[in-house]
Amino acid sequence: MDMWHLLVGRPLKASESESEEIGTSEGLAALSLDALTSVAYGPEAIALVLITVGAAGIHYLLPISLAIIGLLAILVLSYSQVIDAYPQGGGAYAVSKDNLGVGASKLAAAALIVDYILTVSISIAAGIGALTSTFPSLLPWTLPMCLGLLAIVTFLNLRGAGESARAFLFPTMVFVVGLLSILAWGFIHPAHALHAVPAAAPHVSWFFLLTAFAAGCTALTGVEAIANGVPLFREPRQVRAKRTEWLLGALLGTMLLGIALLTVRFGALPGGSTTLLSKVMVGAVGRSWAFFVVSLAITVVLGLAANTSFGGLPVLASLLARDRYLPRSFAIRGDRLVFERGIWVLAIASAILLVAVDGNTQALIPMFAIGVFTGFTLSQFGMVVHWRKTKPSGWRFRATLNLAGAFATGLATMLFVITKFVEGAWVVVLAVPAIIFIFGRIHRYYDRAGRRLHVGDLPNSVSPFPKPIVIVPVSPELTELTRRALNHALSISEEVIAVVVILESPNEDDNQLRKSLEAQWKIWNPPVRLVVLKSQFQSVVRPLLRFINSVDRHSNQRIFVLVPEVVPDSVGSMLLHNRLGTAIANALKKRTDVVIGMVPMHLPEPSDGGSKRTDAPHF
């Protein structure tokens, strides 16, 4: 087994795909961590807006949290219906394409791609940030640790969705069970209150409350990932995916409600070096072992929340590739039955973003949530159109619910853009149209290629060309490689010409080289004509091209250039050989009347009687 397969595992057969599919609990770990871990920053984002009017502003945390939980319920219900209607995955992209048209679907896809990349970067930066706040001595190593964690998550996903889900299951369970237990204990036997908060809430404007609501909506990012990744589940996929979606909604809603109630009860205020969630946990259980265990679990799962994107973006990219908006390679599964190209692109883009901001979470936060809420809005409007088209039982109620959700998420999106534009949201505003532009260019290319290739049309009858004239570029020294190349050439056609290019100069050594080759060729006497081309320039390709153009041939007869080339077994040895075949291929690649082939000879050859290479020609 080579080093690569040691890292990502042995190749899997198509019949083994079930081993990499996931169930409900594994789906929670693989596709829900982004949403679940948002409790670490969602309520705090609301509180940071509210306390700008004083400590009493924290009283608005509970009604705003209830509004967000209500929106969460609408989204969970909506995406459960999306899972039933679009089990092939794709979420907002699939819904928009089917109900709102091509333009809306491309907008949804571009917004989700941006969000997935930001989710990976923010999750990893937040996880490492939590670690460096606990151990300040690690602060100088922030960026290397971010990239190291990104590499771990990437390789786990290259091993398969099931592999990564099983690896993340234990920390996910510790986080969920531990935090819920601490919140429950805080209601029964709280440790102590932290601050005295004024009893009356101050009067504030609706815009202020809407701004706080929009800030808290970051707690809903990741809710769509399960609907995007339905193909990752075991059969019955839709049932398991919906079960996971409902479980996510119940857990996230309970956590948000518990944190809001205890924040007001304990008088916990955001600010300082300690997070709001940590202050609530201290108020519930003090600095006990439970506090430290769950704090460590929060740190771990914050970093692992990047896995949500690795479950969603590759599936979305595969659908875009099938619709010809991304290169076809994004729709191809690798040896481990995962969409490798999507995983690699997500990892590289996230790494670039982490390097650009030096692993700083706060530099990424203003860009966050715009993409996913754009997807939310389009998905909700798309489902309204879906209900109007299909009109199942109770469709009016469902459409009204989705319409209310669409207005709420659309309003939140606009507030994100307005309030965070200068701080960094402008990056997303520019990136989304740029991605849509790329989609269009790729789609137009595939359309042109399809017309040129007559895709979908029955080809004309097959009529073979006359046997080609085979030209074999050879070196001035006769070798085993020359013999193999001529053998292959004679198996293709009787008209074979060996061509050698020799530098023409006053140097007697060059003239002697030509005479020596001609003498050896005469003694060897292969059934092949030798043509010696003299050149005053240090180029083999240009004299060869002139010779190809001068060859007499019949109508429709092709030229077959068969290049013998040494292929070393080690990467380092490749630097010691010229790449004549590559140079000739690049020079002739636009010619439709010339075919390029290569005869490789591998070095060193096996000396035993074991597995040997055939060194067959490559065309």
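The values are calculated or read from the model by the stated rules, or taken from the named source; none is laboratory data. These numbers were taken from a predicted model, which means no experiment stands behind them. All Cβ positions, even for glycine, are placed from backbone atoms using ideal geometry, and neighbour counts span all protein chains on display.
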Residues located in region 42-82, provided they are in a helix (DSSP H, G or I) and small (Gly, Ala, Ser):
GLY42, ALA45, ALA47, ALA55, ALA56, GLY57, SER65, ALA67, GLY70, ALA73, SER78, SER80
Residues located in region 82-102, provided they are surrounded by fewer than 23 Cβ atoms within 10 Å (Cβ to Cβ) and either touching a strand residue (DSSP E or B) at 6+ places or on another chain (Cβ under 9 Å) or at pLDDT below 85 (or both)
ASP84, ALA85, PRO87, GLN88
Close pairs from region 352-379: first surrounded by 24 or more Cβ atoms within 10 Å (Cβ to Cβ), partner aromatic (Phe, Trp, Tyr), Cβ under 6 Å, at least 6 apart
ALA369/PHE416; ILE370/PHE416
Taking TYR116, is it in contact (Cβ under 8 Å) with a residue 60 or more places away in the chain, within 22 Å of ILE370 (Cα to Cα) and aromatic (Phe, Trp, Tyr)?
yes
For region 534-544, the count of residues that are charged (D, E, K, R) and part of a helix (DSSP H, G or I) equals 1
Restricting attention to region 281-306, the residues that are in a helix (DSSP H, G or I), under 18 Å from VAL174 (Cα atoms) and out of contact with any Ser or Thr (no Cβ under 6 Å at 6 or more places or on another chain) number exactly 18
Being among the small types (Gly, Ala, Ser), over 26 Å from PRO144 (Cα atoms) and either modelled with pLDDT under 90 or outside the structural domain of VAL114 (by TED's automatic domain parsing) (or both) is the filter here; which residues of region 319-373 pass it?
SER329, ALA331, GLY334, GLY371
Return yes or no: is ILE46 of a type in the set (A, V, I, L, M, F, W, C), within 30 Å of THR400 (Cβ to Cβ), buried (at least 20 other Cβ atoms within 10 Å of the Cβ) and in contact with a Phe, Trp or Tyr (Cβ under 9 Å, 6 or more places away or on another chain)?
yes
May I ask you to say which residue of ILE438, ILE442, ILE469 is surrounded by 12 or more Cβ atoms within 10 Å (Cβ to Cβ) and over 30 Å from ILE596 (Cβ atoms)?
ILE438
Out of ALA250, ALA227, report the one residue that is more than 17 Å from ASN307 (Cβ to Cβ), part of a helix (DSSP H, G or I) and not charged (D, E, K, R).
ALA250
Residues of region 447-468 being in contact (Cβ under 8 Å) with a residue 24 or more places away in the chain and within 30 Å of the chain's Cα centre (by Cα), in sequence order, are ASP447
Complete set of residues in region 404-419 that are free of Cβ contacts under 8 Å to residues at least 60 places away in the same chain, surrounded by fewer than 19 Cβ atoms within 10 Å (Cβ to Cβ) and more than 15 Å from ASP115 (Cα to Cα):
PHE407, GLY410, MET414, ILE418
Return a yes/no flag: does region 263-281 have any residue that is within 16 Å of the chain's Cα centre (by Cα) and in contact (Cβ under 8 Å) with a residue 12 or more places away in the chain.
no
Tally of residues being of a type in the set (Ser, Thr, Tyr) and either in a helix (DSSP H, G or I) or touching an Asp or Glu at 6+ places or on another chain (Cβ under 8 Å) (or both) across region 545-560
1
